[in-house]
Amino acid sequence: MNSMAYIVDDDSAVRDALQWLLQSRGVQSKAWDSADAFLASATSELYGCCLLDVRMPGMNGIELFDRMRAIQCQLPVIFLTGHGDVPMAVKALKDGAFDFVEKPYDDNALVDKVLAAFAHDKRRIARTESVNLVRQLLSQLTQREHEVMQRILAGKLNKVIADELGIAMRTVEVHRSHIFEKMQVRSAVELSQRLSALGDSSAS
């Protein structure tokens, strides 16, 4: 997975300057001259960040940002703004943009923001992969194992679980063993930690 800076700006001089600047710090980049051109190749599989000019002919940067989210393209977006565009950029931040940089920008500060966006994106991808793994593991559990797991997570003893479900305590022990094996954990604490990736330890 290689992080890439995706530059979208209608000014060829700006695109060239940005690509040269990024290359000088070892950052790979690609550039497009319009929002429509970038959108044609944008997917949820892009990694890195997007440097996006606010004002462009046709579809502007704010509109492109909205369209990216609509197609599940979660790239962190850094808006490049003129002074008059700052209120729009601030609103975009509230809507989930990563940051904005006012022109004329400080070269090193801009690249630092790009690198910070790369790190942010890697954390997002790691979270997504963790959630997908947990969901995959959960899908292997039987309905009864789900019922036992809920009670394990609630801290209930095997005897209590057996009484609540009307099954033998030995059966609960077998279910507990299978749950830990399928969820690739060794304890109830590890199970709870693994399920925390979903943001809901009940995993119901």
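Determine whether region 101-108 contains at least one residue that is closer than 28 Å to GLN28 by Cβ, touching a His at 6+ places or on another chain (Cβ under 9 Å) and surrounded by fewer than 17 Cβ atoms within 10 Å (Cβ to Cβ). Break it down stepwise before answering.
Residues of region 101-108 closer than 28 Å to GLN28 by Cβ: 101-108.
Those left that are additionally touching a His at 6+ places or on another chain (Cβ under 9 Å): 102-103.
Of the ones still in play, those that are also surrounded by fewer than 17 Cβ atoms within 10 Å (Cβ to Cβ) are 102-103.
Yes, region 101-108 has at least one match.
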Practice task
Scan (1) assigned to a loop (DSSP other than H, G, I, E, B); (2) modelled with pLDDT of 90 or more for the single condition ASP16 breaks and write down its number.
Solution key: (1)
Exercise for the section: Give the residues of region 154-187 that are surrounded by 17 or more Cβ atoms within 10 Å (Cβ to Cβ) and either under 28 Å from the mean Cα position of the chain (by Cα) or under 15 Å from VAL134 (Cα atoms) (or both), sorted by residue number. Expected result: ILE179, PHE180, MET183, VAL185
Exercise for the section: Answer yes if at least one residue in region 40-49 is closer than 23 Å to ALA17 by Cβ, part of a helix (DSSP H, G or I) and out of contact with any helix residue (DSSP H, G or I) (no Cβ under 8 Å at 6 or more places or on another chain), and no otherwise. Expected result: no
Exercise for the section: Please list, ordered by first then second residue, the pairs with beta carbon atoms under 7 Å, 6 or more apart or interchain, first in region 28-57 and over 19 Å from LYS113 (Cβ atoms), second acidic (Asp, Glu). Expected result: ASP33/ASP10; SER34/ASP10; ALA35/GLU63; ARG55/ASP85; MET56/ASP10; PRO57/ASP10
Problem - Some residue of region 13-20 being surrounded by 17 or more Cβ atoms within 10 Å (Cβ to Cβ) and within 24 Å of the chain's Cα centre (by Cα) - result: no
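ASP106 - would you say it is at pLDDT 90 or above and more than 13 Å from ALA35 (Cβ to Cβ)? Walk me through how you get there before you give the answer.
Details: at pLDDT 90 or above: yes; more than 13 Å from ALA35 (Cβ to Cβ): yes.
Criteria met by ASP106.
Per-residue answers, yes or no, for (1) modelled with pLDDT of 90 or more; (2) among the polar types (S, T, N, Q); (3) surrounded by 12 or more Cβ atoms within 10 Å (Cβ to Cβ):
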residue	(1), (2), (3)
GLY84	no, no, no
LEU93	no, no, yes
VAL114	yes, no, yes
LEU133	yes, no, yes
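In this structure, does ALA89 turn out to be of a type in the set (Gly, Ala, Ser), assigned to a loop (DSSP other than H, G, I, E, B), crowded, with 17+ Cβ neighbours inside 10 Å and in the same structural domain as PHE100 (by TED's automatic domain parsing)?
Numbers: of a type in the set (Gly, Ala, Ser): yes; assigned to a loop (DSSP other than H, G, I, E, B): no; crowded, with 17+ Cβ neighbours inside 10 Å: yes; in the same structural domain as PHE100 (by TED's automatic domain parsing): yes.
For ALA89, the condition - of a type in the set (Gly, Ala, Ser), assigned to a loop (DSSP other than H, G, I, E, B), crowded, with 17+ Cβ neighbours inside 10 Å and in the same structural domain as PHE100 (by TED's automatic domain parsing) - is not met.
May I ask you to say which residue of VAL101, VAL54, VAL77 is touching an Asp or Glu at 6+ places or on another chain (Cβ under 6 Å), aliphatic (A, V, I, L, M) and more than 30 Å from VAL174 (Cα to Cα)? Give the derivation first.
On the way: VAL101 fails: touching an Asp or Glu at 6+ places or on another chain (Cβ under 6 Å); VAL77 fails: touching an Asp or Glu at 6+ places or on another chain (Cβ under 6 Å).
Among VAL101, VAL54, VAL77, only VAL54 is touching an Asp or Glu at 6+ places or on another chain (Cβ under 6 Å), aliphatic (A, V, I, L, M) and more than 30 Å from VAL174 (Cα to Cα).
Considering region 101-126 alone, what residues qualify as being over 24 Å from ASN2 (Cβ atoms) and in contact (Cβ under 8 Å) with a residue 24 or more places away in the chain? Outline the logic, then answer.
We begin by selecting, within region 101-126, every residue over 24 Å from ASN2 (Cβ atoms); these are 102-106.
Hit for region 101-126 is TYR105, nothing else.
The values are calculated or read from the model by the stated rules, or taken from the named source; none is laboratory data. Note that this is a predicted model, so its numbers are computed, not measured. With ideal geometry, Cβ positions are generated from the backbone for all residues, glycine too; neighbour counts draw on all protein chains shown.
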